[in-house]
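Presented below is the structure to which this report refers.
The values are calculated or read from the model by the stated rules, or taken from the named source; none is laboratory data. Here the structure is a predicted model, which means the values were calculated and not measured. Here Cβ is always computed from backbone atoms with ideal geometry, including for glycine, and neighbour counts include all displayed protein chains. Accessible surface is based on the protein model in full, side chains and every heavy atom, while ligands, DNA and RNA are left aside. Shrake-Rupley method; radii C 1.70, N 1.55, O 1.52, S 1.80 Å.
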Amino acid sequence: MAFTEKDPQFRERVRHSFAEQRVMSTIGASLSHVEPGEVDIELPFRDDLTQQDGFLHAGIIAAIADSACGYAAHSLMERDANVLSIEFKLNLLAPALGERVAARARVLRAGRTITVCRADVVAIHGGTEKLVATMLGTMMTVRGQPSRNS
């Protein structure tokens with residue numbers, strides 16, 4: 001689907017907000033793609049983010065997929081709006097092992113208050129991608145309430 005942004009400065013706004021997200025910097029995640037209704041987040045594989053069997057922890061996968069969905073939705077919002085996740089469903093499809101993982105979120109439907117997004121998370125190893133998780137998320141547009149950093 002092709003979406004048109006409401007704020008011509010959406011890329012800068014999304015990148016600024018992402019930089020303020022301490023959890024993403026803590027785990028070493030970065031934005032790799034920002035377009036209207038589309039955001040990709042990449043994360044290098046790190047041993048300190050794994051579960052007991054050496055796979056990337058499901059909570060880390062959920063965090064990058066949720067953030068990718070949130071920022072995909074945020075990219076279509078007005079300049080002074082904020083975004084909050086209000087629901088998501090994550091299906092873990094395969095163990096996450098590789099050099100890095102990428103969460104690729106796309107807006108499915110953008111409404112005035114509620115936006116529905118999908119994120120696919122792939123593990124990347126040697127140029128080969130393997131789908132390891134998929135998320136369906138619901139994001140809410142918050143108006144008239146400044147963010148903590150405003």
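GNM remark for the chain: springs join alpha carbons under 10 Å apart, and the peak mean-square fluctuation among Thr115, Thr134, Thr26 falls on Thr26. With the whole protein complex present, His16 retains an accessible surface near 110 Å², based on a 1.4 Å probe.
In whole percent, how big is the carbon plus sulfur part of the accessible area of the chain, probe 1.4 Å, protein atoms only? Roughly 52 percent, rounded to a whole number. Build a GNM of the chain with springs between Cα atoms under 10 Å: which of Ala81, Ala102, Ala123 gets the top mean-square fluctuation? In the Gaussian network model the winner is Ala81.
What angle do you read, to the nearest 10 degrees and between 0 and 90, between the alpha-carbon axis of helix 10-20 and the longest principal axis of the chain? Approximately 60 degrees, to the nearest ten. Here region 4-47 and region 70-86 have alpha carbon centers that stand 12 Å from each other.
With the other protein chains left in place, how much accessible area per residue, in square angstrom, belongs to region 31-142 at a 1.4 angstrom probe? If you can, show how the numbers build up before the last one.
Numbers: 5030 Å² over 112 residues.
Averaged over the residues of region 31-142, the accessible area is 45 Å².
Ordered by solvent-accessible area of protein heavy atoms (1.4 Å probe), largest first, the residues Arg109, Arg143 come out as Arg109, Arg143. Once C-alpha pairs closer than 8 Å and six or more residues apart are averaged by separation and normalised to the residue number of the chain, the relative contact order reads 24 percent. Considering the dipole of region 63-149 built from charges on the beta carbon (Lys and Arg +1, Asp and Glu -1) around the Cα centre, which of Ala110, Ser75, Leu92 is farthest to its positive end? Result: Ala110, furthest along the dipole toward the positive end.
Please list, by residue number, every one of the chymotrypsin sites (Phe, Trp or Tyr not before Pro) in region 6-84 that is coil in DSSP and has at most 11 other beta-carbon atoms within 10 Å.
Numbers: sites: Phe10, Phe18, Phe45, Phe55, Tyr71; in loops: Phe45, Phe55.
Qualifying residues, ordered by number: none.
Quick one: net charge of Thr128's neighbours, Cβ under 13 Å, K/R +1, D/E -1? Working shown, then result.
Details: positive: Arg100, Lys130; negative: Glu99, Glu129.
Summing Lys and Arg as +1 and Asp and Glu as -1 gives 0.
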